[in-house]
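First up is the structure itself, then whatever we jot down about it.
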Amino acid sequence: MLKYFASRLLTFIPTFIGVTLISFAFIRLLPGDPIIVMAGERGMSPERHAELTAQYGFDQPMYVQFWNYLTGVVQGDLGNSFVTKRPVWDEFFALFPATLELSLCAMIFAVALGLPAGVIAAVNRGKFFDRALMSTALIGYSMPIFWWALLLIIVFSGILQWTPVSGRIDLVYYFPNASGFMIYDAIMSGQSGALWSAIRHLILPTIVLGTIPLAVIARQTRSAMLEVLGEDYIRTARAKGMSPSRINAVHALRNALIPVITVIGLSVGTLLAGAILTETIFSWPGIGKWMVDSIFRRDYPVVQGGLLLIAVMVMIVNLTVDVLYGIINPKIRKR
Amino acid sequence: MSLLRIRNLSVEFSTSTGMFRAVDSVDQDVANGEILAIVGESGSGKSVSMLALMGLLPWTAKVTADELSFDGHDLLNMSGRERRRIIGKDLAMIFQEPMSSLNPCFTVGWQIKEALRKHLGMDRAARHKRAIELFEQVGIPAPEKRLSSFPHQLSGGMNQRVMIAMAIACKPKLLIADEPTTALDVTIQAQILDLLTSLREDSGMGLVLITHDMGVVAETAHRVSVQYAGQKIEERPVRDLFRAPHHPYSDALLRALPERATEKRLPTIPGVVPGQFDRPAGCLFSPRCQFANDHCRTVSPAPFGADLGYARCHYPLNTDRRIAS
Ligand SMILES: Nc1ncnc2c1ncn2[C@@H]1O[C@H](COP(=O)(O)OP(=O)(O)OP(=O)(O)O)[C@@H](O)[C@H]1O
Ligand code: SF4
Ligand SMILES: [Mg+2]
C-alpha cells in the first residue's frame, strides 16, 4: 500500500511542471496587453507603457519569464495580483473555502442521492422506478446548467420565496475571525438564525452544481451493480442463505463501488469547472468567480497562479481517490 | 424416507425468442449418506435442475414440480425467508468456477465466518476457531494465515477448498457439487474428489456430484442419473449401469470411456444436444441414436420402471424382456 502510494506521489512531479507551463501559457495566448487593460479608458503614453512593461518584466524573452515564474512557484511565491497588489496565494486561500464548501456540499448531495438511487434502480431493473430514475438522470445530465439554475431560482426564490437568490449569508450576520467555511462559522458564532441563513443560501447552488455528478453517479452505480449482480460470487452468497438486502448492500455494492469511485474522482474536475458557472450565477464569492473576473482583467499572476492551485487541488483529490480505490479493491492493495 | 425427493421437476426459461425448457419432468432421490452422480453432456440441464432446487435461478426461470422436498421440508411452497434458513445450512452447493465464485473484495475468512454467524449465531471467537478447524479439515495449510487472504491470492485448487469449507461449515445434510473439478488441474482434481468423498464418509452427508466424467462416476458414486436435453433418461446403481446400460445414450457415453474402447479410435457421439430451436419430435435422442426408427422419431418414449433403470427409450438395450413396439 505504501509503495503504491509513493508511486502515485512520484507521478505528481511531471504533472506539476506541465500544469505550471500550461497555466503560464494559457493567459499569454489570449490576445490583449495586460498593461493597456490596467490603464483602462484613460489610455497611456508610449513612454509610460514601455516603463511599466519593463517593470513587470514583459519585455524579457518568454523562457526567462517562465523561469522566473517557475523559481517563484517552487519557493511558494505566486506573485501579486496586478489589480489588488495582494499576493495571489492570500487571495486564493481567502476565497477557496467558499468554493470548497460549495463543492463539498454538491458532492455529498450527488453521492448521497446517486448511490442509493443507482442501487435501487439496479435491484428493480426494468420496473417503473428504474425507468423513471434513469430517464430523470438522462435529463439531469443533458440539461444546460444555466437554464436549470434560472428555473430553480424562478420557482424557489421567485414564486415560492423559499431561498435567497445570491450570496452566502444574510448581510445582518458578521463573523470576525471567519474561517471562510460559512456553515462552520455560523455554528461557532452562536448567532441565532445564522446557520439556517447559511444553509438556505447553499441549497440552490448545491443542487445546481451537484446535478450532473448526481446523474453520472446514479447511472454508473446502476450499471456497475447490474454487472456485479450477475457474477458467480453473488450466486455463492445466495447459496449461503444471505438475505437479498445484505447481498445488495454488502456483497454487491462493495464490488460496484470500484468503478463508481473512479467516476466520483473524475467528476471532481467537472465539479470545479461547473463551480465557475454556478458561482457566477449565484454571485458566490469563490475562486470560480475570482478567476473569471481576473481573465477579463488580464491579471496574469492571478490567472496562472489560480489555475495552478486548482490543478494541484484536483491532483490531490485524484490521489485521495487512488488511495480509496486501493482500500476498496484488495487486488491493488496487496500487490 | 429419502433425504431429497424431486418429482416431475421442470424449468422453463423465458428468452427473447420464446420459452425454452431446460429441465423436463425430472425425478430424483437421494438418501442420507448416498452419493448420486448426475452425468450428461453440456447443456443437458444438470446445473439448472440443482439450481432450481436451491432457488438460485434468475427470475426468467419458471420452476414447476409435483414435489420438491428436502429433509421433511416442502421447498416448493416455502417463503424465501424460510428457504434461506435451510439453504447454506442443511443444503449446500459448490460450483464449477472456484476463482469467480468467491467475492474478490472480502477475505476468505470473512466469507466463511459470515455463514457461521448467520446460521449458527456463533460469536466472534467461536467463528474464528471453527473457521480454522474447517480449513484444517479441507487440507488448507497454515489456516490461520490463509483466513486473511483474498481469493486472488490463492490458487484455483485452494479456492475450491475454501468453497468446500464454506459449504460444509454448518454440517449440511446434503452437499451438491456442480462440476467441482472441471476448472482445475488434473492432479488437483483427484485431490478435491478424494476430499469430498472422505468428508462424506466422516459426516454421513448426502452428496450430489454433477459431472460429465464417467471415470469420476465409476470411482466415486453409488447411483448415477444420466440426463439428456433436460430429461433424465436412465438412473441406475453405478455398477449396473457400467455393466449393462439400458439406454442407447448411456451406452454411447460409456463407449466414450477410454478404458472400454474396443477400437483404436474413441467412439464419440456424433451431433450435439438439441437446443431451443432443434428439439426433435418424439425421442429427443433420435437424431443421434443409431437404433432410431420412425416410431422413435414421432412418439416420445415414457420412462420404464425401476427394473429397466427408468430408461426413456422404446427399445432398451441389454434386456431379456420382450418389448412390444
Ligand atoms: N439463465 C438462463 N437463461 C436461459 N437459458 C439458460 C439459462 N441458464 C441455463 N440455460 C440453458 O439451459 C440449458 C441447460 O443448462 P445447464 O447449465 O443446466 O447445463 P449443464 O448440464 O449444467 O451443462 P454444463 O455441463 O455445461 O454445465 C442450456 O441449454 C442453457 O443454455
Ligand atoms: S427411443 Fe429410439 S431413438 Fe430414442 S433412444 Fe430409444 S432407440 Fe434411440
Ligand atoms: Mg453446469
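Computed from the Cβ-Cβ distance with R0 of 22 Å, the FRET efficiency linking residue A:90 to residue A:54 stands at 0.25. Lys and Arg at +1, Asp and Glu at -1: add these up for the other residues within a Cβ distance under 10 Å of residue A:121 and post the number. Computed value for this residue: +4. Let me make sure I get this right: for the stretch B:163-225, a, b and c are the square roots of the gyration tensor eigenvalues over alpha carbons, sorted descending. Under 1.5 in a/c it's rounded, otherwise prolate if a/b > b/c, else oblate. Which is it? Judged from the Cα gyration tensor, the stretch B:163-225 comes out oblate (a/c at least 1.5, b/c at or above a/b). Per-peptide packing, taken as the mean over residues of other Cβ atoms within 10 Å, places A:149-156, B:85-92 in the sequence B:85-92, A:149-156 from highest down.
Peptide B:86-96 shows a mean partner chain C-beta count of 3 within 10 Å per residue C-beta.
State, as an integer percentage, the relative contact order of chain A based on alpha-carbon contacts under 8 Å between residues 6 or more apart. Computed value for chain A: 28 percent relative contact order.
Summary value for chain B: 20 percent relative contact order, contacts being C-alpha pairs under 8 angstrom separated by 6+ residues. Peptide A:245-252 has a mean of 2 when you count, residue by residue, the C-beta atoms of other protein chains within 10 Å of its C-beta.
Sparse packing (at most 13 other Cβ atoms within 10 Å of the Cβ) combined with a DSSP loop state is found for the following trypsin sites (Lys or Arg not before Pro) in the stretch B:175-264: B:264. Residues whose amide H falls under 5 Å from that of residue B:176, counting only those 5 or more places apart or on a different chain, are B:92, B:93, B:94, B:208, with hydrogens built in the peptide plane.
Against the empirical curve 2.2 N^0.38 Å, the C-alpha radius of gyration of the stretch B:150-255 lands at a ratio of 1.17. Peptide B:162-171 is shielded by partner chain Cβ atoms: per residue, an average of 1 of them sit within 10 Å of its Cβ. In straight-distance terms, cross-link reach from residue A:331 covers every one of the lysines whose alpha-carbon lies under 28 Å from its own, apart from those fewer than eight places away in the same chain; here that gives A:3, A:240, B:113, B:118, B:129, B:145. Residue A:35 sits among other residues whose Cβ lies under 10 Å from its own Cβ, and their net charge, with Lys and Arg +1 and Asp and Glu -1, is 0.
For the stretch B:189-238, the relative contact order works out to 23 percent when only alpha carbon pairs closer than 8 Å and six or more residues apart are counted. Taking 0.36 nm per residue of separation and subtracting the current Cα-Cα distance, fully stretching the chain between residue A:249 and residue A:162 would add 27.7 nm. The fewest-to-most ranking of A:184, A:69 by surrounding Cβ atoms within 10 Å reads A:184, A:69. Within chain B, the longest segment free of exposed loop sites, counting chymotrypsin sites (Phe, Trp or Tyr not before Pro) that fall outside DSSP classes H, G, I, E and B and have at most 10 other Cβ atoms within 10 Å, spans B:60-276.
Size check on the stretch A:7-127: the Cα extents along the three principal axes, sorted descending, read 74, 41, 27 Å. The calculated Kirkwood hydrodynamic radius for chain A is 22.9 Å, given to one decimal from all distinct C-alpha pairs. Placing dummy labels 7 Å off each Cα toward the beta-carbon, the span from residue A:200 to residue A:11 is 4.6 nm. Computed from backbone phi with θ = phi - 60° and the Karplus coefficients 6.51, -1.76 and 1.60, the 3J(HN,Hα) list for the stretch B:42-56 is 4, x, 8, x, 5, 5, 4, 5, 6, 5, 5, 4, 6, x, 10 Hz; x is used for glycine and proline.
Convex hull volume per residue, computed on the Cα atoms of the protein assembly as shown, equals 242 Å³. Take the alpha carbon atoms of the stretch A:144-245, find their radius of gyration, then divide it by 2.2 N^0.38 Å using N residues; give the quotient. My calculation over the Cα atoms of the stretch A:144-245 gives 1.68.
FRET efficiency for the residue B:293 to residue B:186 pair, using the beta carbon distance and R₀ = 35 Å, is estimated at 0.30.
Whole angstrom only: what separates the Cα centroid of the stretch A:1-80 from the Cα centroid of the stretch B:131-198? Each part reduced to its Cα centre gives a spacing of 63 Å. Straight-line cross-link reach from residue A:289 at under 30 Å between alpha-carbon atoms covers these lysines, not counting any fewer than eight positions away in the same chain: A:85. Scaling the Cα radius of gyration of the stretch B:193-317 by the globular reference 2.2 N^0.38 Å produces a ratio of 1.14. Listed by chain and number, the lysines whose alpha-carbon sits under 18 Å from that of residue B:62, ignoring those within fewer than 8 places in the same chain, are B:46.
What net charge is computed for the residues neighbouring residue A:168, neighbours being all others with C-beta under 12 Å from the C-beta of residue A:168, Lys and Arg scored +1, Asp and Glu -1? For residues surrounding residue A:168, the net value is -2.
Values in this text are rule-based calculations from the coordinates and carry no lab data. None of these values were measured; they are calculated from a predicted model. Neighbour counts run over all protein chains shown; Cβ positions are idealised from the backbone, glycine included.
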